[in-house]
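Here's the structure we're looking at; comments come further down.
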Amino acid sequence: MKKRIFLFTTNIWGGGQARFISRLIQILKDRYDLMLILFNDQDIIYPIECEHLLLDDPEVKTNRYNKYSLTFKRVDRYRAFIKDYKPFASLSFGDAANVINLLSGTPQCKTLVSIRGYQSVRKVQGQGLKAVVFRSLLKRSGKVVCVSQVMAEALKEILRMGTDRIDVLYNAYDLDEIQAVSREATELDAWLAGNQVIVTVGAFRKEKGYWHLLKALALLKKRMDHVKLLHIGPDFEQRGAKFQKLVRDLGLEDEVVLLGFHENPYKYCAKSKVFVLSSVSEGFPNALVEAMACGIPVVAADCLTGPGEILKKNTFSGSPDSIQYADYGLLVPPLNIDENYDPEVFEDGEKNLAEALYCVLNDQALADAYAAKAKERAADFSYERCRRQAIRIIEE
């Protein structure tokens with residue numbers, strides 16, 4: 001009889017965390033009896049190949065007045081799920097689900113929590129009451145599972161709990177599937193073939209640093225003909241509007257194409273000249289590894305976790321202070337985290353980003369070499385490797 005495992009998160013509406021959970025279900029469903037627990041099932045866009053349960057009453061709306069009482073209701077309901085379904089382990093994702101999981105823990109069920117963004121590490125590092133409570137809760141977990149080694153090492157220093165209770169589970173990718181669908185034709189094939197297309201994939205969130213990318217493109221436009229930017233991802237209204245205004249202010253209307261969300265971004269990535277990650281903060285950037293699996297060179301801004309760990313063999317060598325020709329792609333120094341949509345202001349980080357992109361676009365031999373290295377590195381994040389790591393974490 002298969003052991004039952006709870007996978008617990010807020011929702012599956014989008015983003016890298018939701019996509020990873022969907023993939024983890026695929027990876028583990030033959031080994032375990034999986035049940036997905038959600039706050040709600042609104043706007044599910046990734047497949048769920050297991051039974052799922054809802055924690056919230058759909059008639060109750062969360063607001064600042066009821067959020068604390070709602071937390072206790074969720075804890076009671078989650079404990080009832082544990083009592084009724086008797087899971088061997090409960091693995092939660094994201095701060096909100098992690099808190100409910102930790103408060104609901106029982107000796108009969110292993111409590112595992114996943115930390116997937118560096119903002120969660122910052123919360124643990126804080127000095128206020130919330131940070132103290134969060135630290136004490138995390139120390140009650142059976143294991144803290146991080147998405148990167150850098151985050152794991154930071155939490156070992158902060159929490160001072162047994163190092164065997166802090167582990168790493170990298171994101172996983174179906175490399176064969178990515179490479180297969182990347183060969184599909186697109187409606188933009190002629191445009192992609194006729195231009196120097198830079199592609200990026202992600203939502204319009206501050207962490208993605210897209211204002212830096214637009215300014216880098218404006219600088220690059222002065223040096224190269226036919227350079228274009230293709231953005232793939234959902235348009236979150238507020239920052240999407242700011243992005244489009246900056247496009248106009250920089251005179252880039254003819255250079256930027258906003259494709260919106262697409263189920264198969266890989267067929268566009270594979271036909272672009274270079275992938276760029278302009279993030280000011282990441283946990284473990286899915287889009288970067290997926291672009292590498294498509295076999296194109298990548299340029300990434302370094303930040304606390306993610307890009308450096310993916311592109312360098314020596315994870316802990318620190319951030320570069322100039323453009324670095326890393327093992328699997330080009331790294332530029334971290335970009336300024338503060339948003340600046342002034343079209344007259346160009347920071348050093350944007351100049352570095354533009355220069356790194358120029359190096360790849362202007363040197364075919366370099367681009368070909370890094371394309372091959374990128375594909376080689378992507379193989380380290382296969383489904384099979386994730387399966388082995390996940391089973392070890394659950395069973396230890």
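Quick look at the numbers
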{"quantity": "Long-range amide H partners of residue 228 with built H, under 5 Å", "calculated": "196, 197, 198"}
{"quantity": "Most to least packed among 166-172, 120-126 [average Cβ atoms within 10 Å]", "calculated": "166-172, 120-126"}
{"quantity": "Helical contribution to [θ] at 222 nm, DSSP H n ≥ 4, -39,500 (n - 2.57), averaged over the chain, rounded to 500", "calculated": "-12500 deg cm²/dmol"}
{"quantity": "Given charges at beta-carbon only (K, R positive; D, E negative), |dipole| of the chain in Debye", "calculated": "1760"}
{"quantity": "Overall form of region 175-380 per C-alpha gyration tensor (a/c, 1.5; a/b vs b/c)", "calculated": "rounded"}
{"quantity": "Gyration tensor verdict on region 249-346 (Cα atoms; rounded if a/c is under 1.5, prolate if a/b is larger than b/c, oblate otherwise)", "calculated": "oblate"}
{"quantity": "Gained length - residue 122 relative to residue 54, 0.36 nm times residue gap less alpha-carbon distance", "calculated": "21.6 nm"}
{"quantity": "Theoretical FRET efficiency, 1/(1+(r/R0)^6), r = Cβ-Cβ of residue 248 and residue 84, R0 45 Å, to 0.05", "calculated": "0.20"}
{"quantity": "Tilt relative to the chain, helix 383-395 - C-alpha long axis, 0 to 90 degrees, to 10", "calculated": "30"}
{"quantity": "Burial ordering of 114, 22, 69, fewest other beta-carbon atoms within 10 Å first", "calculated": "69, 22, 114"}
{"quantity": "Burial order of peptide ranges 145-155, 240-250, 214-224 (average beta-carbon count within 10 Å, highest first)", "calculated": "145-155, 214-224, 240-250"}
{"quantity": "Subset of 206/373; 271/375; 123/208 violating a 25 Å alpha-carbon distance limit", "calculated": "206/373"}
{"quantity": "Cα shape, region 98-164, gyration tensor, a/c 1.5 rule", "calculated": "oblate"}
{"quantity": "Dipole magnitude (debye, nearest 20) for region 175-380, charges at Cβ of Lys, Arg, Asp, Glu", "calculated": "180"}
{"quantity": "Ascending count of other beta-carbon atoms within 10 Å, so fewest first, for 52, 226, 212, 231", "calculated": "226, 52, 231, 212"}
{"quantity": "Unsatisfied cross-links (Cα-Cα over 24 Å) in the set 143/312; 29/83; 245/273; 110/156; 242/351; 3/73", "calculated": "143/312; 245/273; 3/73"}
{"quantity": "Per-peptide average of other Cβ atoms within 10 Å, ordering 156-162, 138-144, 298-304 highest first", "calculated": "298-304, 138-144, 156-162"}
{"quantity": "Cα lying deepest toward the dipole's positive end in the chain, options 231, 391, 251, charges on Cβ", "calculated": "391"}
{"quantity": "Crossing angle, helix 348-361 versus the chain [Cα axis fit, 0-90 degrees, rounded to tens]", "calculated": "70"}
{"quantity": "Rounded to whole Hz, the Karplus (6.51, -1.76, 1.60) HN-Hα couplings of region 291-302, x for glycine and proline", "calculated": "5, 4, 5, 6, x, 10, x, 10, 10, 9, 7, 6"}
{"quantity": "Separation in nanometres of the label points that stand 7 Å from Cα toward Cβ, at residue 380 and residue 344", "calculated": "4.5"}
{"quantity": "Placed amide H near residue 92: partners under 5 Å, 5+ positions off or other chain", "calculated": "8, 112, 113, 114"}
{"quantity": "Between region 86-111 and region 274-332, the Cα center-to-center distance that results, in Å", "calculated": "32"}
{"quantity": "J(HN,Hα) series, region 152-162, from Karplus relation 6.51 cos²θ - 1.76 cosθ + 1.60, nearest Hz, glycine and proline x", "calculated": "4, 5, 5, 5, 4, 5, 6, 7, 6, 9, x"}
{"quantity": "DSSP bridge orientation in the chain - percent antiparallel, rounded to nearest 5", "calculated": "5"}
{"quantity": "Cα-based radius of gyration of the chain once divided by 2.2 N^0.38 Å, which approximates compact folds", "calculated": "1.01"}
{"quantity": "Cross-link partners of residue 67 among lysines (Cα-Cα below 17 Å; sequence separation of 8 or more within a chain)", "calculated": "130"}
{"quantity": "Charged-residue dipole, Cβ positions (Lys, Arg, Asp, Glu), region 315-396 about Cα centre, Debye nearest 20", "calculated": "740"}
{"quantity": "Over region 4-169, volume per residue of the alpha carbon convex hull, in Å³", "calculated": "117"}
{"quantity": "3J(HN,Hα) from dihedral phi, region 26-36, Karplus parametrisation 6.51/-1.76/1.60, rounded to Hz, x for glycine, proline", "calculated": "4, 5, 9, 5, 7, 9, 10, 8, 8, 9, 9"}
{"quantity": "From the C-alpha gyration tensor of region 202-283, square roots of 5λ in Å", "calculated": "18, 17, 13"}
{"quantity": "Computed over region 249-300, the ratio Rg/Rh where both radii use C-alpha atoms and Rh is Kirkwood", "calculated": "0.99"}
{"quantity": "The chain: angle of helix 237-249 to the longest principal axis, Cα-based, in degrees nearest 10", "calculated": "10"}
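Rule-based calculations on the coordinates, nothing more; no lab input. Predicted model only: the values in this text are computed from it and were never measured. Because the Cβ atoms are built from the backbone with ideal geometry, glycine has one as well, and the counts that use them run over all protein chains shown.
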